[in-house]
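Structure, as C-alpha cells:
The values are calculated or read from the model by the stated rules, or taken from the named source; none is laboratory data. The model shown is predicted, which means the values in this text are computed figures rather than measured ones. Positions of Cβ are generated from backbone atoms using ideal geometry, with glycine treated the same way; all protein chains shown enter the neighbour counts.
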Amino acid sequence: MKKILFILIIFQAISSYCQNGTIKGKVLDKQSELPLLGASVELLLPDKLVGVITDFDGYFTLENVPIGRQEIRVSYIGYETNTISNIEVSTGKDINITVALTESFAKLDEVVLTSSTSKVKSLNKFSAVSARQFGVKEVGRYAGGRNDVARLASNFAGVASPDDSRNDIVVRGNSPTGLLWRVEGIPIPSPNHFSALGTTGSPVSALNPNLLKNSDFITSAFPAEYGNAIGGVFDLGFRNGNKDEYEYSFQMGAFTGLEGTAEGPLNKKNNGSFLVAARYSLIGLIGGAGTSDTPNYADVSYNINLGKTKLGTFSLFGIMGTSSIDLIGEDYDEDDLFSAEDENSYVSSTIGVLGAKHLISIGESSYLKTVIAGAFNNSDYEEDRIIDLDTDDERIIRYAESNNEETRFTFSTLFNTKINNKLTLRTGLLLENFSTDLNRKERDEQEDGNNDGDPDLVTIRNINGSYNVFQPYVQTKYRLTETLTLNTGIHTMFSDLNKQFVVEPRASMSWQIKPQHAINIGYGIHHQNVPTPLLFLSEEVNGETLNPNEDLDFVRSQHYVLGYDFKLTSSWRAKIEAYYQRIDNAAIDETPSSYSSLTEGADFTFSSDNTNLVSSGTGENKGLELTLEKSFSKGFHALITSSLFESTYKGSDDIQRSTPFDNGYIVNFLAGKEYKIGKQKKNIFSVDARFVSSGGKYYTPVDLEASQNAGYEILQDDLAFSQQYDDYMRLDLKLGFTLNSNMKKTSHKFYIDLQNITNRDNVFIRQYNRITNNVDQINQAGFFPDFGYRFQF
C-alpha cells in the first residue's frame, strides 16, 4: 500500500510538472546589446514570486510555469526595471524571449525607474517616431492575416493593402517599391512567391513567420542605418532555435500549406542551436484562390547558430522558395483575376537568400557585427494566345515571354558601442552588388512587319546590367535628460551606375513629458534608386542598343513627423502622428505626359515604353494617423487604427494628380477574446474579428473606342488616375481552439478563418476585354474560409 501511495505521489508530481511550461531567454543592455550577468528575472504569480538570475551569457530559464498568459519582471542594479506581460505559455513549446534593460540616467546603487515593454516602441533603439515592433504571435492571431507578416502590417496606422489577391504594402501613400525588406540586417528582394522583379508583393508570402523573432516595422524618418528606401522599412530577424532540447511542430493551412519545423541544440557547450522549417502548398487541393488553376509553391528557411567561441558567434541563415502556376484558357472562369479564356500562361519564380553572420564582443560595452550574403530572384512568364478561339481556324501562337533575373551580393558591417549610460554610437557600411539579366519579347501593340497576319514577336528588352551601391552611415543616441532623448545620424549613398553621391541627415527626438505622455518628432532625407526594370529600359538607335535611363538620379524624399503618445490606462495606449513627405527627382517623361515612376509598383509589371525619362518629377504625401491599442488583459485585446491622407504627384505635364495609392482614408478595427476552458482551465477558445474599410484605388479610365479599333487596351493618358473605385470593405472572423496536454509536452491548435464573411464585392480592376470588346469589371475574392492546424511537441 505504501508503495502504491508513493507511486501515486510521484506520478502526481510528474503530471503536475508536465502540465506546465517553460520561459527562457536572454537579458541585454539596451545600449550595448551585450548580455547582463546576474540580472534578476521574477515570475509574477498571484500567490508567490519565483525568481532566477542570468548566467554569464545573460541566459535564464524559468521552469514549471503555469499554462496561460504570464508576466515576468526583470531587474538589475543601476538599471530600469522592465516588466514583460502577456507571455503566452503552452505545453507544446518553450517560450524564448529577449529582454533589454536601460541603464538608469544617473549612476545609482538601486533601481529607481520602472518601464514596461510596449509594441508601440521599436526594437531599434535609434528610432523614436513612426515605428513599432511585432512578434510571431501577432502574425498568427489576427483574422484574415493568412500567417503573412505583410498582411499583419496592413493593420498598422498609415498602411494600406486593399487587395485580397496581393500583399503589397502601401505606406503613407508611397508606392510599394519604396519599401525596404531586411533580414538579419541585410536588404533582400521581395520575400514572396510569384514575385516579379522590382515589385514587393504577391499572392503568397515565402517568409515563414514561425522563424521570426520580434521585429520592427518603420513607416517614416528611418534611422541612419537604413538606406535606399523612401516608403518604409520591414526589419526582420530570425530567432535562434531551442538551445536546450529538441522541439518539433507540424502545421497545415489553406494558404501556408503543409509545414514541418524542427529546432534544438547544436554544440550545447557553446549554446549553439539550429532552426529549420519547410512548407509546401496546399491551396490547390481546396480551390478558391482567385484562379481556377493550381498554384504550386514551396519554401525552406533556416537559422543555424554555431555557438559562442573565442572568435565570436557565427551563424548561417537563409530562405529558398519556388513557385509556379499554369493558367490555361480552357479552365477560365469569369471570376479569375489573372487569366483569360483565349490565353495559356505559364508563370514561375524563384527566390533565395543565403547569409553568414559573425558577432564579436569588443570590451565590455561594444560589439562588431558582420554579415555576408547572396540573394537571387528569378521570374519567368510565357504566354500563348489562342487565335480565332472556338472556330475552325483556331490556332495557338507564342504571344509573349520574359525572363528576369537579379543577383545580389551584400557585405554589411556595423560597430556599436555604449560610450556611457547617456551616449550610444553606431557606425557601419553596406556594400551591394546588383547584377541583372532582363529579357522580354511580346507582340502586344506591335506591327505586322512580316505580313503573316499576326503582330510581330519583338524583343523589348535584352539587357545584362551590373552596378554597385555603397552606403556608409553613423548614428548616435544621446539621453539629454532622464526624459529627453535625441537621435541623430548621417546616411550616405553612392551608385557607380549614375555616379551620384548623396548625404542624408536624420534626426528624431523623444520627450517623455510625464509618465503617461510623450512627444516625438522626426526628420530625414531619404533616397532610392529608380526601380531596376525602369533603369535598364533599352531602345534601338541606328542599330545600337542604348539604355538612356541609366543616368537617372536617386528619387529623394524628405520626411517630417510629429507624434504624441498617451497611456490611457495600464492596458490602453493611444498614439497620434502627423506627417508630411516631399518627393522630388522622380522619373518622368521628357515630353509632356502624366507618367511618373511614383505610380509604378501597383501590379506585376512596369512600363516598358518610357525610355527617355528625366529626374524632374515631384510628389507629396501628407496625413494624420491614430492608433488606439489595448494590450492583452482580462482575456481581451484590441487594435484600432485610422488614417486620413493624401498622395499626389506631378508628371511632365505639370498637372497635380492623385497617385494610384491615394485611398484617402483607412480604418482598421481588430479585437479578440480568449476563454479558458476545461476542468483545469488550461485550454483556450479564442474569437478574433477584423473589419477594414478604405477609399478605393485611383485608376486611369480606358479609351473604349480607341481600344476597340486597336484590339488592345488604350488608356486615356490625359485623365490619368482621375477616377476612383468604390470603397473597399471587408469583415473577417476567426475561431480558434488550443489544447494543452495534461501529460506530455505537446499542444494542438485549430482555427478557421472566415474571410469576407459578408461576401462583399470589392473591385479588383476595370479593364478592356478583347473578347467582349468592352470594359469589364473583375471583383476580388468573395467569401473564403481559411483553416489551419498546428501540432507542437
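Below are the figures for this structure:
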| item | result |
| --- | --- |
| Criterion: touching a residue at least 40 places away in the same chain (Cβ under 8 Å), of a type in the set (D, E, K, R) and assigned to a strand (DSSP E or B) - qualifying residue of Asp718, Asp776, Asp786 | Asp786 |
| Any hit, segment 389-403, residues being crowded, with 16+ Cβ neighbours inside 10 Å, of a type outside the set (Phe, Trp, Tyr), in contact with a Ser or Thr (Cβ under 7 Å, 6 or more places away or on another chain) and on the phi < 0 side of the Ramachandran plot | no |
| Checking Val41 against (1) modelled with pLDDT of 90 or more; (2) part of a helix (DSSP H, G or I), the condition it does not meet | (2) |
| Qualifying position, being in contact with a Lys or Arg (Cβ under 9 Å, 6 or more places away or on another chain), more than 30 Å from Ser633 (Cα to Cα), buried (at least 21 other Cβ atoms within 10 Å of the Cβ) and among the basic types (Lys, Arg), among Arg657, Arg690 | Arg657 |
| Restricting segment 557-571 to residues that are surrounded by fewer than 18 Cβ atoms within 10 Å (Cβ to Cβ) and among the polar types (S, T, N, Q), the residue that is nearest to the chain's Cα centre (by Cα) | Gln558 |
| Residue match in segment 56-64 (condition: aliphatic (A, V, I, L, M) and at pLDDT below 90) | no |
| Enumeration of residues in segment 513-530 that are of a type in the set (A, V, I, L, M) and either closer than 17 Å to Glu225 by Cα or within 22 Å of the chain's Cα centre (by Cα) (or both) | Ile525, Val530 |
| Gly232 under 30 Å from Thr492 (Cβ atoms), surrounded by 22 or more Cβ atoms within 10 Å (Cβ to Cβ) and assigned by TED's automatic domain parsing to the domain that holds Pro176 | yes |
| Those strands (runs of 3 or more DSSP E) lying entirely in segment 621-687 with at least 1 residues closer than 22 Å to Gly144 by Cα | 636-650, 665-677 |
| Subset of segment 721-741 that is touching a residue at least 40 places away in the same chain (Cβ under 8 Å) and among the charged types (D, E, K, R) - its residue that is farthest from Ile684 (Cα to Cα) | Arg730 |
| Verdict on Thr772 being of a type in the set (Val, Ile, Thr), loosely packed, with under 15 Cβ neighbours inside 10 Å and either in the same structural domain as Gly651 (by TED's automatic domain parsing) or in contact with a helix residue (DSSP H, G or I) (Cβ under 9 Å, 6 or more places away or on another chain) (or both) | yes |
| Answer residue from segment 334-358, given it is modelled with pLDDT of 90 or more and surrounded by fewer than 17 Cβ atoms within 10 Å (Cβ to Cβ) and is nearest to Ile397 (Cα to Cα) among those | Tyr346 |
| Residue count, segment 307-325 (criterion: surrounded by fewer than 17 Cβ atoms within 10 Å (Cβ to Cβ) and in contact with a Phe, Trp or Tyr (Cβ under 7 Å, 6 or more places away or on another chain)) | 0 |
| Residues of segment 167-204 satisfying the condition of being among the β-branched types (Val, Ile, Thr), part of a loop (DSSP other than H, G, I, E, B) and buried (at least 24 other Cβ atoms within 10 Å of the Cβ) | Ile169, Thr199, Thr200 |
| Members of segment 46-87 that are touching a Lys or Arg at 6+ places or on another chain (Cβ under 6 Å), outside any strand (DSSP E or B) and under 30 Å from His748 (Cβ atoms) | Ile67 |
| Residue in segment 364-384 that is over 31 Å from the mean Cα position of the chain (by Cα), in a strand (DSSP E or B) and modelled with pLDDT under 95 present | yes |
| Segment 409-454, residues that are in contact with a Phe, Trp or Tyr (Cβ under 8 Å, 6 or more places away or on another chain), of a type in the set (D, E, K, R) and crowded, with 19+ Cβ neighbours inside 10 Å | Arg426, Glu432, Glu442, Arg443 |
| Candidate set: segment 506-556, residues that are within 30 Å of Ser608 (Cα to Cα) and hydroxyl-bearing (Ser, Thr, Tyr); chosen: the one surrounded by the most Cβ atoms within 10 Å (Cβ to Cβ) | Ser538 |
| Long-range neighbours under 7 Å by Cβ, at least six apart or interchain, first residue closer than 21 Å to Thr256 by Cα within segment 742-761, second of a type in the set (Asp, Glu) | Asp753/Asp732; Asp753/Asp786; Leu754/Asp732; Gln755/Asp732; Gln755/Asp786; Asn756/Asp732; Ile757/Asp732 |
| Enumerated strands (runs of 3 or more DSSP E) restricted to segment 467-544, each holding at least 2 residues that are touching a residue at least 40 places away in the same chain (Cβ under 8 Å) | 484-495, 500-514, 517-528 |
| Condition met for Asn464 (touching a strand residue (DSSP E or B) at 6+ places or on another chain (Cβ under 7 Å), in the same structural domain as Ile714 (by TED's automatic domain parsing), part of a strand (DSSP E or B) and free of Cβ contacts under 8 Å to residues at least 40 places away in the same chain) | yes |
